[in-house]
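**Q** One structure, as structure tokens, below. Some questions next.
The values are calculated or read from the model by the stated rules, or taken from the named source; none is laboratory data. All values derive from a computational prediction rather than experimental measurement. All Cβ positions, even for glycine, are placed from backbone atoms using ideal geometry, and neighbour counts span all protein chains on display.
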Amino acid sequence: MAMEAEATTAPALALADTDINWDRLDKTKFHIIGAILFTAQSALLHPTAVVKTRMQVAGSGLSRMRGISVFKHILKTDGIPGLYRGFGTSAVGSLPGRVLALTSLEISKDMMLKYTEGLDMAESSRVGIANGVAGMMSSLVSCAYYVPLDVICQRLMVQGLPGTTVCNRPYDVVCKVIKAEGFRGMYRGFGLTALMQSPASALWWAAYGAAQHIIWRSLGYRDDMDKKPSHIDMVTVQATAGMVAGACSSVITTPIDTVKTRLQVMDNFGAGRPSVLKTMRTLLKEDGWQGFYRGFGPRFLNMSLYGTTMIVTYELIKRLSVRQ
């Protein structure tokens, strides 16, 4: 009876629904609801990814235009379908990757929270470290899956631009890349992706976990309070923490993202296979150091909006998936 009473009162604590751990989730509901809601979220943000990619790669003047001007140019020349190039491949192809990423994220976070439970450190630091390690592990696990998908999607996004190979559909992209460079061509930019995504994911999740913890405490909430925050309070705090985390991450990782994007989509690279150093030298020669921040505006917007909408969606998925 005592165990039953404890089980029923635990979720009534103030912050129980703001940090739902892996062992409280119905795993089937978690992945099904997650697939639906994250696909809808990706549909909303995909145009900013297309604009960002075109600004980073184009040799036709788009790279020197503002993000809104590139957006209008794509609408004028290709219509709305132009803003969704590569979306079908990305949406369908991302489903298995999301299962890998979300599962490894939650398991890693749960393990780190247990391992750091007895350590003498501030709770915000403990939460930040647990989230950061979980974000890095999730990124490393899913990186091998997502890089080939990223190569396909970005090549579809930049069709018609100078220096790119014309491809009609995902299968055509795969065939032409493998024919030109073998299977390793599907992993162009893998090292940069791992170098960028793992620390960026660790930074994002650490910043989010610590920011959310600090905001709740500054509002006067504690774990052992009976009064729970409203759904509006939860969404507002989690969205704010997600926006802060996304903005910080975009500032730090945009130069690496620019080099990676160029590596993955350009084919008229002259003699030899493209490399990180060749790509960096080309960017420096064209625009100086500011060339590494091509597409920063759309990427900053994308990551800030992504951070906000992703975490609100993610926390909603977890609340809907709690085992009764």
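**Q** Might you let me know whether the range 120-135 holds any residue that is assigned to a helix (DSSP H, G or I), hydroxyl-bearing (Ser, Thr, Tyr), surrounded by fewer than 16 Cβ atoms within 10 Å (Cβ to Cβ) and free of Cβ contacts under 8 Å to residues at least 24 places away in the same chain?
**A** Within the range 120-135, none of the residues are assigned to a helix (DSSP H, G or I), hydroxyl-bearing (Ser, Thr, Tyr), surrounded by fewer than 16 Cβ atoms within 10 Å (Cβ to Cβ) and free of Cβ contacts under 8 Å to residues at least 24 places away in the same chain.
**Q** Among the residues of the range 213-248, write down those that are within 30 Å of Lys52 (Cα to Cα) and modelled with pLDDT of 80 or more.
**A** Scanning the range 213-248 gives Val235, Thr236, Val237, Gln238, Ala239, Thr240, Ala241, Gly242, Met243, Val244, Ala245, Gly246.
**Q** Scan the range 288-314 for residues that are closer than 13 Å to Phe38 by Cβ, surrounded by fewer than 22 Cβ atoms within 10 Å (Cβ to Cβ) and of a type outside the set (A, V, I, L, M, F, W, C) and jot them down.
**A** Selection gives Thr309, Thr313, Tyr314.
**Q** May I ask you to list the residues in the range 180-238 that are polar (S, T, N, Q) and either under 27 Å from Val251 (Cβ atoms) or touching a helix residue (DSSP H, G or I) at 6+ places or on another chain (Cβ under 7 Å) (or both)?
**A** Across the range 180-238, the qualifying residues are Thr193, Gln197, Ser198, Ser201, Gln212, Ser218, Thr236, Gln238.
**Q** Residue pairs, Cβ under 8 Å, 6 or more apart or interchain, first in the range 228-243 and without any contact (Cβ under 8 Å) to a residue 24 or more places away in the chain, second surrounded by fewer than 20 Cβ atoms within 10 Å (Cβ to Cβ). List them.
**A** Asp233/Leu219
**Q** Something else now. Within the group Arg273, Arg262, which residue is surrounded by 22 or more Cβ atoms within 10 Å (Cβ to Cβ) and modelled with pLDDT under 80?
**A** Arg262
**Q** When the range 167-194 is examined, which residues are found to be in a loop (DSSP other than H, G, I, E, B) and in contact with an Asp or Glu (Cβ under 9 Å, 6 or more places away or on another chain)?
**A** Arg188, Gly189
Quick grid of which residues meet (1) modelled with pLDDT of 80 or more; (2) aromatic (Phe, Trp, Tyr):
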site	(1), (2)
Tyr115	yes, yes
Met121	yes, no
Gly135	yes, no
Ser139	yes, no
Leu149	yes, no
Val158	no, no
Leu161	no, no
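**Q** Does Lys228 satisfy the criteria of being in contact with a strand residue (DSSP E or B) (Cβ under 7 Å, 6 or more places away or on another chain), over 27 Å from Thr165 (Cβ atoms) and surrounded by 17 or more Cβ atoms within 10 Å (Cβ to Cβ)?
**A** no
**Q** Let me ask another. Could you give me the residue pairs with C-beta distances under 9 Å whose first residue belongs to the range 196-210 and is within 11 Å of Ile129 (Cα to Cα), whose second residue is aromatic (Phe, Trp, Tyr) wherever it lies, and which are 6+ apart or on separate chains?
**A** Pairs found: none.
**Q** On the given criteria, is Leu195 modelled with pLDDT under 85 and in contact with a Pro (Cβ under 8 Å, 6 or more places away or on another chain)?
**A** Here the answer is no, as Leu195 does not meet what is asked.
**Q** Only one of Arg222, Arg281, Arg299 is in contact (Cβ under 8 Å) with a residue 40 or more places away in the chain, part of a helix (DSSP H, G or I) and of a type in the set (Lys, Arg). Can you tell me which?
**A** Arg299
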